[in-house]
Each structure stands twice: as C-alpha cells, then as structure tokens.
Amino acid sequence: MKKILFFAIVLNLVPHFWASTPELKELMRQSQPFDRGASLSASVDALITSKKGNETVMQYNMYTNRSQGKINVMIAFFAPNSFDGTRILTSVPEEGGVPGVAIKFKSFFATMKIPFVSSDMSFFGMDFNTGDMNPRNSSFDHYTLLETTVLSDGSAGCIVEAYPLENKLYHRIIHHVDIEKKIIVRSEMYNKKNELVKLLEVLECVAIQDIWSATKVRMQDLKSGSNTVLTYKSLVYHGDYTAYVNEAFLKTGEPQ
C-alpha cells in the first residue's frame, strides 16, 4: 500500500516538477543509457541478428574517462578474429562540437585520425549508428513532457518527446524514462516521414556501485529487420582508465 501511495504522489508531482525546460533537460542529461556520468570499464558482447536469422558475434573492451571538457571512449575489439586488434578512440565534447575520432585497424601499423563525417553511419556493421553510441548532449534537443506513467516493473516513469536541434540523426524521438533510476529504458526513433525506423530497448538494468546501469540493450532496425543486442559484462565505475584511453594504447594495445 505504501509503495502504491508513493507512486501516486510521484506521478502527481512529475508534471509540475518537470514542466520547465531546465529541469526536463537535466533529467534527460542524467538519463542517457550510454553515459551514466562516471568513468567505466566493461567487456561487451554484440550479437547482430539479420532478418533471416543469421547471427554475428563481436566482442570488445570499453574504457571511458573525462578530461578537458570531453568524454573520451576507447573501444578495443578482440573478436571475431578479423577485428582482433582494431581499436577506436573517440572524444566527444561535453558542451557540443564535432567528436574527434582516431582508429587503429588490425592490418595497419599506424593509427589514423578520421573525419567525423556523419552520425548515421553504422557502427562496425551493428544496428547502432555512431550517433547512437556517442553520449548525447541534452542541449542538442528540445524536450516536451507528454505524459507520466507506471513502467512495466512498477517504477514511476514519464514519456518525453525529443526534437533534435543539432546533430539531427532522427527527426524526433520518443523516450520512456524511469524517473527513479534516471535512465531511458526505451526510445522510438522516427524519420522525417514520421515513420518509426528504429527501436531501442533496455532489456536488463542493474544497480552497479549505486548506479543504475543498462547491462543489456537491444537496437532494432525496423526497415532492415535486423537487430543488435549489446551485453555489458564486468562493468566497473569510477576507475582511473587513463592508461587505456590514450593514443599510445590506441597504437600498441598495451596500457601506458
């Protein structure tokens, strides 16, 4: 009874509390499933399933840190064998701007800096585009609170419509947000024709070091019929991953 009363109070207050733009932007800033506001390390399995049911498994280690106003992400592939040794370092400005990208391919000795051409390019053949994988600056979007709701697990939630103002990967996105855990659990992406083209779902959410974390996430491409499931294992926050997030590690694969 107490839990039901709590949800009733929360849902009654939410429309008033989140009605102003700064508060709603802050909620959305805190709720990004791929940026939980702390440095992290994790091993990630990416299972890509085609429309015909063919499966491809990719595996990589991931490290992040923050420095000089940027979120830096190192991804180091170790499976399949054709990708083992490929690494990519991305630096995303927290206040906006063009991400910096450097890559080391398995078959190349030298690293190379590449221009960030487009956010809608597939990330290594996955159903996630590069823009889907990068942390999203909440100032890039205009948010409207559509309604409050109770999520399938009984948590208080809200549904928010986002219209991109910058880096317009989609025409609009409908986010389902868990207010208590402060994490987006579902995103519906629409194109300019108002067609639903992609669906992001958090399949598993676990509290790790007091941070609610999306440990299994599925992206469905509704046009191609394929989907990609990312499973995060050995996820750890608040470490110093400077030894992995730098250009020396990018080149050699050895912590510096």
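The values are calculated or read from the model by the stated rules, or taken from the named source; none is laboratory data. Computed from a prediction, not measured in an experiment: that's the story for all the values here. Cβ atoms come from the backbone with ideal geometry, glycine included; neighbour counts cover every protein chain shown. We work out accessible area using only protein heavy atoms, side chains counted, and drop any ligands, DNA or RNA first. Shrake-Rupley method; radii C 1.70, N 1.55, O 1.52, S 1.80 Å.
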Within the range 143-182, the residues that are without any contact (Cβ under 8 Å) to a residue 12 or more places away in the chain and among the small types (Gly, Ala, Ser) are SER152
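Look at LYS25 and say whether it is among the basic types (Lys, Arg), in contact with a helix residue (DSSP H, G or I) (Cβ under 8 Å, 6 or more places away or on another chain), farther than 20 Å from THR215 by Cα and open to solvent by 20 Å² or more (accessible area, probe 1.4 Å).
Yes: the conditions hold for LYS25.
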Subject >> Test: residue in the range 58-65 that is under 13 Å from PHE124 (Cβ atoms), in contact with a strand residue (DSSP E or B) (Cβ under 8 Å, 6 or more places away or on another chain) and of a type in the set (Val, Ile, Thr) >> reply: no
Qualifying residue in the range 239-247 (condition: within 25 Å of PRO99 (Cα to Cα), among the polar types (S, T, N, Q) and over 19 Å from the mean Cα position of the chain (by Cα)): yes
For the range 8-37, the count of residues that are at pLDDT below 90, assigned to a helix (DSSP H, G or I) and of a type in the set (S, T, N, Q) equals 2
| said: Would you confirm, using the coordinates I've provided, whether ARG218 is open to solvent by 40 Å² or more (accessible area, probe 1.4 Å), in contact with a Leu (Cβ under 6 Å, 6 or more places away or on another chain) and either modelled with pLDDT of 95 or more or part of a strand (DSSP E or B) (or both)? | reply: yes
Those residues of the range 200-214 that are under 28 Å from GLN68 (Cα atoms) and open to solvent by less than 50 Å² (accessible area, probe 1.4 Å) come to a total of 4
Selection over the range 166-209 where residues are among the aliphatic types (A, V, I, L, M) and more than 15 Å from GLN220 (Cβ to Cβ) yields a count of 8
If we keep only residues of the range 48-60 that are touching a residue at least 40 places away in the same chain (Cβ under 8 Å) and surrounded by 16 or more Cβ atoms within 10 Å (Cβ to Cβ), then the residue nearest to TYR232 (Cα to Cα) is MET58
Looking across the range 221-256 at residues that are of a type in the set (Val, Ile, Thr) and surrounded by fewer than 16 Cβ atoms within 10 Å (Cβ to Cβ), the single one that is farthest from LEU199 (Cα to Cα) is THR252
Of the conditions (1) over 25 Å from ASP210 (Cβ atoms); (2) open to solvent by less than 20 Å² (accessible area, probe 1.4 Å); (3) in contact with a Ser or Thr (Cβ under 6 Å, 6 or more places away or on another chain); (4) polar (S, T, N, Q), the single one that THR86 does not satisfy is (3)
